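Visitor: This is the structure I have questions about; it appears just below.
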Amino acid sequence: MHQTLHLLNRLRHVTLLRYLAASALSLGVDMGSFTALLALGAQAAPAAAAGYALGILAHWLISSRKVFAGAVATRGPARTRQKALFVVSALIGLGITTAVVGTATLAGIEPHIAKLAAIVISFTVTWMLRSRIIFGGRPANPQGGSAGS
């Protein structure tokens, strides 16, 4: 039992696993918002855009507080730049997803399989961008990134 708790505690400190959890939660926000908006009568495209935007916001909040907390820039221009780069990485992920699904379905691959492949590729690219460029190489923030948004 003690070894299991020790292993779980060690895994909690693995940044990639925290990022994977943040991504899963953000995907839940995205899809939940999309589904709720559709149920309220919204058209699909605006509902998808709103869900995606809420998913990006959720991912930023989780990533900046729980995944890369020690690398979040303090308030001011550095923080604004970091947020802008995060949005750019999300848009790159969206572009990758769109391109992979579009190309794969044109090639006759079932759309759900194409979407799964796109998720894996997009996740990998955004992880690399966020862990190495957006939050990488930054001095640790003593407040752990919890101040402000």
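All of the numbers you see were taken from the coordinates with simple rules; none came from a lab. Bear in mind the structure is a predicted one, so any value in this text is a computation, not a measurement. Cβ placement follows ideal geometry from the backbone for every residue including glycine, while neighbour counts extend to all protein chains displayed.
Visitor: Note the per residue figure in Å³ for the convex hull of the C-alpha positions in the range 2-134.
Guide: Each residue corresponds to 141 Å³ of Cα convex hull volume.
Visitor: On to the next question. Based on the Kirkwood radius over alpha-carbon pairs, what value in µm²/s does the Stokes-Einstein equation return for the translational diffusion coefficient of the range 53-99 at 25 °C and 0.890 mPa s?
Guide: After rounding, the answer is 217 µm²/s.
Visitor: Size of the range 13-79 along its principal axes in angstrom, Cα-based, largest extent first?
Guide: Rounded to whole Å, the extents work out to 42, 29, 13 Å.
Visitor: Among A39, S89, A50, whose Cα sits farthest toward the positive end of the charge dipole of the range 2-134 (+1 at Cβ of Lys/Arg, -1 at Cβ of Asp/Glu, about the Cα centre)?
Guide: S89
Visitor: For the range 64-142, what D do you get in µm² per second when you plug the Kirkwood radius from alpha-carbon pairs into Stokes-Einstein at 4 °C and 1.567 mPa s?
Guide: On the way: Rh = 13.7 Å.
After rounding, the answer is 94 µm²/s.
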